[in-house]
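Inspection log for the structure reproduced underneath, given as C-alpha cells.
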Amino acid sequence: MALNKKPVTGMKDILPEEMEIRDYVIGVIKETYGNFGFTSIETPCVENLANLNCKAGGENEKLIFKILKRGEKLRLAEAKGEEDLVDGGLRYDLTVPLVRYYAAHVSELPSPFKALQMGNVWRADRPQRGRYRQFMQCDIDILGEASNLAEIELILAATTTLGRLGFKDFNIRINDRQILKAMAAYSGFAMEDYDQVFIILDKMDKIGMEGVEKELLEAGFPKESVENYLALFEGMEKADDAIAYIAEKLSDVLPEGVMESFQEMIDSVEAAKGDFFKLVFDPTLVRGMSYYTGTIFEIDMPQFGGSCGGGGRYDKMVGKFTGNDVPACGFSIGFERIILLLLESGFKVPKVGKKIAYLMEKGLPAEKLREVMAKAQAERELGNQILVARMNKNKKFQKEQLSAQGYEEFCEFYKEELKR
C-alpha cells in the first residue's frame, strides 16, 4: 500500500518560490523590529496543558492539539478521564508561552523587556483561505511598561514593518477594553453580562446596528439598557470628535486618566507615522482574547478583506504565574495572511546581486571541477547567488526551470572547452 503524499489536513508543504518570500519577510521583520529595540527569543512548541487552559486563550482553548503522556506515565487501561491521558499540548499562540518565559527568567531580563518571537503555532481549526492548522505567528511584546509608550512603540514598529513590505492604505483600528466596559456600565448592563454583550457587539460589522439590537433583546437584556447602549454608538457616529463625545458621556464611570492617555497615544502615533495607513478609533472593536485589559488594536487590510493581525494590553497575565501583576502589551502581525497577499500580488524578492547558474557537463575532469568551484566561490564573495549543477540532457528545459526561479545568467562548462 502506497503512503499518502498529501500533508495532514490544515497543514501545507511550502515550495521554494514561497519559501524565498517567507525568508525575505522574516528578514525584514527582524531587522525592522531590531531597529525599535526588540530582542529575539524562542520558546518550546509544547506547553504544559494547564498553562494552555488557564482561561486566557478564549475560544482557542477548545482547539488545542493535546499530547499523550509518554512512557510509563501513559496507562491507557487505567485511565478514567482525559487528565489521566494527556499532560501537554502544542501552543495555540505565542502569548501564553511568552508570559511563562518571562515569569521564569524575569531576574535575567531587562525592564522593560521588548521581546520579538516568531514561530509556528497549532489550532485544530477549520481550514480556510489564509488560515491553517499549523501557521507562523510573529509577535512583539513589551513587558514592564505601564504607560502608553508601549502601545505607541508597538503600533509604529508593526506599521513600519508593513510599510517596508509594500503595504499601504490599511487601517489600524483601536479601542480600549476600559471604554467598552464603561459603555456597558453606563447603559445599565450587569458586570457578569459584559462578555455576552461584547460577543454580540463584535458582530456589528456583519449584522449592523439593527442586528445587534435584535440579538441583545433576544438574549433577554432590558430594552432600556439596549437603547442606552446603541444611543452611544449613534452619538459617536454623528459627533465631530467621537473620542471627546464618549469621554464626556462616560466621565462618571471611566477610570481617571483613561481617555487622556488614549488621546495622547493617538496624537503621538499621528505625529510620527507615515501617510500609508490610518489610525481609526473603532468603539465596536472587541477582540476575542479574554486576557486583554486595556488598549486593543487590529490591522484592517482591504486587500485581504479582514484582519491581518492585532493585539492589545494584558496587564494581568504575568500574575497568573508569579502572583504579581506586570504591565504587558503586544502586537501580532498575521504572517500567513501577509504572505498570502504577497503571493497573490506577484511579489518578487528584491534582488541583491545576480542569480547565476553554473551548468557542468557530466564527466568534467577534476581540474575543471576545481576551476568551476573556485570561480563560483569568488562570485559568491562578490554578493552574487551561484547555483552549481550538472547539465541535464534537456538543457533547454533545465534553463527554462531555472529562469522561472529567477536565474538571469548561465555559465556552461564542458570537458573540452569553457563556454559562457
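Give me the percent relative contact order of region 355-419, please, defined on Cα pairs under 8 angstrom at least 6 residues apart.
For region 355-419, the relative contact order is 56 percent.
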Exercise for review: For region 316-321, just list the computed ³J(HN,Hα) in residue order, Karplus coefficients 6.51, -1.76 and 1.60, θ = phi - 60°, integers in Hz, with x standing in for Gly and Pro.
Suggested key: 10, 6, 4, x, 5, 9
Practice item. Report, by chain and number, residues whose modeled amide H sits under 5 Å from the one on G306, excluding near sequence neighbours (fewer than 5 apart, same chain). Key: M301
Practice item. Return the inverse of the average 1/r over all pairs of distinct C-alpha atoms in region 41-190, which is the Kirkwood hydrodynamic radius, in Å to one decimal. Key: 18.5
Exercise for review: Pairs of lysines 8 or more apart, or on different chains, with alpha carbons under 21 Å: count those in region 355-419, would you?
Suggested key: 27
Study note, to complete from the structure: Dividing the helical contributions, -39500 (n - 2.57) per DSSP H run of n ≥ 4, by the residues of the chain yields a 222 nm value, nearest 500 deg cm²/dmol, of -12000 deg cm²/dmol
Practice item. Please find the FRET efficiency linking T9 to H105, where r is the Cβ-Cβ separation and R0 is fixed at 35 Å, and quote it to the nearest 0.05. Key: 0.45
Study note, to complete from the structure: Plugging the Cβ-Cβ distance of C45 and D195 into 1/(1 + (r/R0)^6) at R0 = 41 Å yields, to the nearest 0.05, a FRET efficiency of 0.85
Review point. Among the chymotrypsin sites (Phe, Trp or Tyr not before Pro) within region 266-360, which fall in a DSSP loop and have no more than 16 other Cβ atoms within 10 Å of their own Cβ?
Key: F276, F347
**Study point:** Where only C-alpha atoms are counted, convex hull volume of the chain per residue in Å³
**Key:** 234
Check your understanding: Taking only the alpha carbons of region 355-419, what extent do you get along each of the three principal axes, in Å, biggest first?
Key -> 31, 30, 15
Review point. Cα centroids of region 315-341 and region 375-413: how far apart, whole angstrom?
Key: 44
Review point. Which helices pass in the chain if a helix is a full DSSP H run, must span at least 24 angstrom along its long axis by Cα, and must have mean Kyte-Doolittle hydropathy not below -1.0?
Key: 16-35
Practice item. Any chance you could count the Lys pairs in region 214-311 whose alpha carbons are under 25 Å apart, treating pairs 8 or more apart or on different chains as valid? Key: 7
Exercise for review: Identify which of A357, A104, A374 has the largest mean-square fluctuation in a Gaussian network model of the chain, with springs joining Cα atoms closer than 10 Å.
Suggested key: A374
**Study point:** region 355-419, dipole about Cα centre (Lys/Arg Cβ +1, Asp/Glu Cβ -1), debye to the nearest 20
**Key:** 280
Check your understanding: Using a Gaussian network for the chain with springs between C-alpha atoms less than 10 Å apart, which of these wobbles most: C138, C329, C54?
Key -> C54
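Any read-out appearing in this document is the output of simple, stated calculations on the displayed coordinates, not a laboratory observation. Model, not experiment: these values are computed from the prediction. All Cβ positions, even for glycine, are placed from backbone atoms using ideal geometry, and neighbour counts span all protein chains on display.
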